[in-house]
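The values are calculated or read from the model by the stated rules, or taken from the named source; none is laboratory data. These figures come from a predicted structure and were not determined experimentally. So basically every Cβ, Gly included, is an ideal-geometry build from the backbone, and we count neighbours across all protein chains shown. Areas reflect the complete protein model, heavy atoms only, side chains present, ligands, DNA and RNA absent. Shrake-Rupley method; radii C 1.70, N 1.55, O 1.52, S 1.80 Å.
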Amino acid sequence: MASAGREFFQERYEQLGGEVASVQITQSIRVNTLKTTCKELISRLSSKGVVLEREPLAKNAYRVVSSPFSLGAITEYLLGLYALQEVAAQIPVEVLAPRQGELVLDCCAAPGGKSSQIAQLMKNKGRLVCYELKPHRLKSLLVNLERMGVKNAVVFRADVSRVRLLNKEFDKVLVDAPCSGNYVLEKGWFEKRRLEGILRNAQIQRKILSSAVSVARQGGVIVYSTCSLEPEENELVIDWAIRNLPVKVVLANVKGASPGVVDVFGARLHSDVSKCARLWPHKTKTQGFFIAKLVKK
Amino acid sequence: MSFDEFLLQFGIKEKVEVKQIYRSFFRVRDESYLAHRPVWVDECLAHIRNGKIVPSVDFLQWVSKRARRWARVGAKAEWLFICGRDLKSSSIEDHNNPSSGDFVVILNDRRECLGYGVASGPLSDGKLTIRRVFDIGDLLRRERKRRKV
């Protein structure tokens, strides 16, 4: 049996209760409350002809209804008053809910959208520690931190397994793991992905999650997320974590999301996996996403 | 160029405590992480590029509030300037009489700093043109240049 192609993935999604739908995602922005307010920015952009609409899935998110120009090159963008960030990508940090004064770890930080969102919720107070292994992705992370006015971060170009050397216990940890992505974001996604690659990602994801859990404090929160719809990178990773790491799953509580799938291709997973959130593009009209909230025992 | 020399270009004599990490300058609140060789700590102030210092977006705002010379431009010139263009006298709406060779910070209608340049002639009748040295569009150009590699 082929392990790639549209039909292969479509059949898999149908078995999980999903489907492949033609979803046109709209551009969204996240207002950077470190530098401005939602009211101020909306008024400023609307005076330039930009029409924005409140996006209910995330707190500071606005959908771009129309704009006479690219929103990625104007003064307001360059000054860091907002970030271009798809609404589903804003949810993991909201689930993590970092607060002022906490010690927070971002395991795979580039390109920095979620890192700057963490600093924003922390109001630049406390400590955000970011790890990024890939040198070619580091530049985007640093440019984003600079533009968004992040002042409480420390960034390491290293594998997150080295975080142990810091000898710290983190209050909150974000594992936005590298993944195979999803068909909504990438043209020709079905043709480019194979099951073997997905399984390889799953090994890396388990390793990263394991490092993350090892440095979280007891009672600390770990949010695991991917923009993949593949259960091997999502529910199966969390099922493995429940059985092998000192964590329990708590309800992710994401508006409009479906519960994590517990029957995966004939295998019955731990019932707590259903507390995770799965964003099916055909239901949420966003890109695909998976979010799990764990607490260290 | 030292950090102090960079500030002196704008007539700023205030001392700023900076820590250089690789090719960037930071205002570091907590030095305990430095032993682990980070690439970024706390607040980024500037970078070294081709032997010169270019400020971060936020530090540019700090500089603009203290700079001796400024010029204000309208919306159209604002757009051209952040795209990397020099400023003609006709696009400058207001200024505080810089002399030829002065470093001038460029402000928009909201008095946000867009970058800076060097004043040049003709300065007769208050007519000023500004040769762009740095603008905030540099952030995008920096990132895009990197992506092509």
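For an R0 of 30 angstrom, estimate the FRET efficiency from the Cβ-Cβ distance between residue B:80 and residue A:39 and round to the nearest 0.05. Intermediate results must be reported in sequence, preceding the final value.
Working: r = 29 Å, r/R0 = 0.98.
Efficiency at R0 = 30 Å is approximately 0.55.
Rounded to the nearest 0.05, the FRET efficiency derived from the C-beta distance between residue B:17 and residue A:262 at R0 = 60 Å is 0.60. Using a probe of 1.4 Å, the accessible surface attributed to residue A:33 totals some 70 Å² when neighbouring protein chains are kept in position.
Each Lys or Arg adds one and each Asp or Glu subtracts one; over the other residues with Cβ under 13 Å from the Cβ of residue A:50, this totals +1. Note on the stretch A:233-286: lysine pairs with Cα distance below 14 Å, sequence gap of 8 or more or different chains, count 4. Length gained on full extension, residue A:46 to residue A:99, computed as 0.36 nm times the residue gap minus the Cα-Cα distance: 16.0 nm. Here the stretch A:7-159 is assigned +1 on the Cβ of each Lys and Arg and -1 on the Cβ of each Asp and Glu. Its dipole about the Cα centre then comes out at about 880 debye.
Charge tally for residue B:44 (other residues, Cβ to Cβ under 12 Å; Lys, Arg +1; Asp, Glu -1): +1.
Given a Förster distance of 51 angstrom, what is the FRET efficiency for residue A:217 paired with residue A:191, based on the Cβ-Cβ distance and rounded to 0.05?
0.70
Take the accessible area of A alone and of B alone, subtract that of the pair with a 1.4 Å probe, and the total buried over both chains is about 2900 Å². Taking the Cα centre of the stretch A:26-85 as reference, the dipole from Cβ charges on Lys and Arg (+1) and Asp and Glu (-1) amounts to some 100 debye. Computed over chain A with a Gaussian network model linking Cα atoms closer than 10 Å, the most mobile of A:238, A:74, A:91 is A:74.
Calculate the dipole size of the protein assembly as shown relative to its Cα centre from +1 charges on Lys and Arg beta carbons and -1 charges on Asp and Glu beta carbons; express the result in debye to the nearest 20.
Details: 73 positive and 48 negative charges, 147 e Å.
I would put it at about 700 debye.
Could you tell me whether the stretch B:62-129 comes out rounded, prolate or oblate from its Cα gyration tensor? Rule is a ≥ b ≥ c as square roots of the eigenvalues, rounded for a/c under 1.5, then prolate if a/b exceeds b/c, otherwise oblate. Judged from the Cα gyration tensor, the stretch B:62-129 comes out oblate (a/c at least 1.5, b/c at or above a/b).
Of the residues B:59, A:8, the one with the largest accessible area comes first in the ranking A:8, B:59, computed with a 1.4 Å probe on protein heavy atoms.
Per residue of A:150-160, other chain Cβ atoms within 10 Å of the residue Cβ number 5 on average.
Length gained on full extension, residue B:100 to residue B:27: 23.0 nm, using 0.36 nm per residue less the C-alpha separation.
Quick one: grab the alpha carbon gyration tensor of the stretch A:237-297, order the square roots of its eigenvalues as a ≥ b ≥ c, and give me rounded if a/c is under 1.5, else prolate or oblate depending on whether a/b is larger than b/c. Because a/c hits 1.5 or more and a/b fails to exceed b/c, the stretch A:237-297 counts as oblate.
Determine the percent antiparallel among the DSSP beta bridges restricted to the protein assembly as shown, to the nearest 5. Mind dumping the intermediate values first?
Numbers: 56 of 77 bridges.
Percent antiparallel among DSSP bridges in the protein assembly as shown is about 75.
Looking at the stretch A:26-85, the accessible area is 41 square angstrom per residue; that uses a 1.4 Å probe and ignores ligands, DNA and RNA. Interface residues of the stretch B:30-78, defined as those losing at least 20 Å² of solvent-accessible heavy-atom surface relative to the isolated chain (probe radius 1.4 Å), are listed as B:33, B:36, B:38, B:39, B:40, B:42, B:43, B:57, B:58, B:78.
Across the stretch A:138-154, the residues whose backbone nitrogen lies under 20 Å from the label position 7 Å along the beta-carbon direction of residue A:162 are A:138-143, A:145, A:153-154.
Each Lys or Arg adds one and each Asp or Glu takes one away; over the other residues whose Cβ falls under 12 Å from the Cβ of residue B:17, this sums to -1.
For the protein assembly as shown, what does the alpha-carbon gyration tensor say about shape, rounded, prolate or oblate, given a ≥ b ≥ c as the root eigenvalues, a/c under 1.5 as rounded, and a/b over b/c as prolate?
On the way: a/c = 2.50, a/b = 1.76, b/c = 1.42.
Note, shape of the protein assembly as shown comes out prolate.
When the solvent-accessible area of the protein assembly as shown is split by element, carbon and sulfur atoms take up 48 percent of it, the probe being 1.4 Å.
Could you tell me the distance between the Cα centroids of the stretch A:39-118 and the stretch B:41-110, to the nearest Å? Measuring centre to centre over Cα atoms gives 26 Å.
Let me check something: with ligands and nucleic acids excluded, how do B:103, B:3 order by accessible area (1.4 Å probe), largest to smallest? Could the numbers behind the result be given before it?
Values: B:103 45, B:3 15 Å².
Result, largest first: B:103, B:3.
Averaged over peptide A:140-146, the number of partner chain Cβ atoms lying within 10 Å of each residue's Cβ comes to 6.
Modelled spin labels at residue A:282 and residue A:6, positioned 7 Å past Cα toward Cβ, are 1.4 nm from each other.
Phi angles across the stretch A:118-127 convert, under the Karplus curve 6.51 cos²θ - 1.76 cosθ + 1.60 with θ = phi - 60°, into 3J(HN,Hα) values of 4, 4, 4, 5, 7, 6, 6, 10, x, 10 Hz, Gly and Pro given as x. Interface burial in the stretch A:38-87 reaches 50 Å² or more for A:44, A:75, A:78, A:79, comparing the full protein assembly with the chain by itself; accessible area from heavy atoms with a 1.4 Å probe. Along the stretch A:7-18 the Karplus relation, 6.51 cos²θ - 1.76 cosθ + 1.60 evaluated at θ = phi - 60°, assigns HN-Hα couplings of 4, 4, 6, 4, 5, 4, 4, 5, 5, 8, x, x Hz to successive residues, with x for each Gly and Pro. Applied to the stretch A:236-245, the Karplus parametrisation 6.51 cos²θ - 1.76 cosθ + 1.60 on θ = phi - 60° returns per-residue 3J(HN,Hα) values of 5, 5, 5, 4, 4, 5, 4, 7, 10, 10 Hz, with x for Gly and Pro. Taking chymotrypsin sites (Phe, Trp or Tyr not before Pro) across the stretch A:61-160, the ones in a DSSP loop with at most 13 further Cβ atoms lying within 10 angstrom of their Cβ are A:69. Take the Cα of residue B:120, step 7 Å toward its Cβ, do the same at residue A:243, and the gap between the two points is 7.1 nm.
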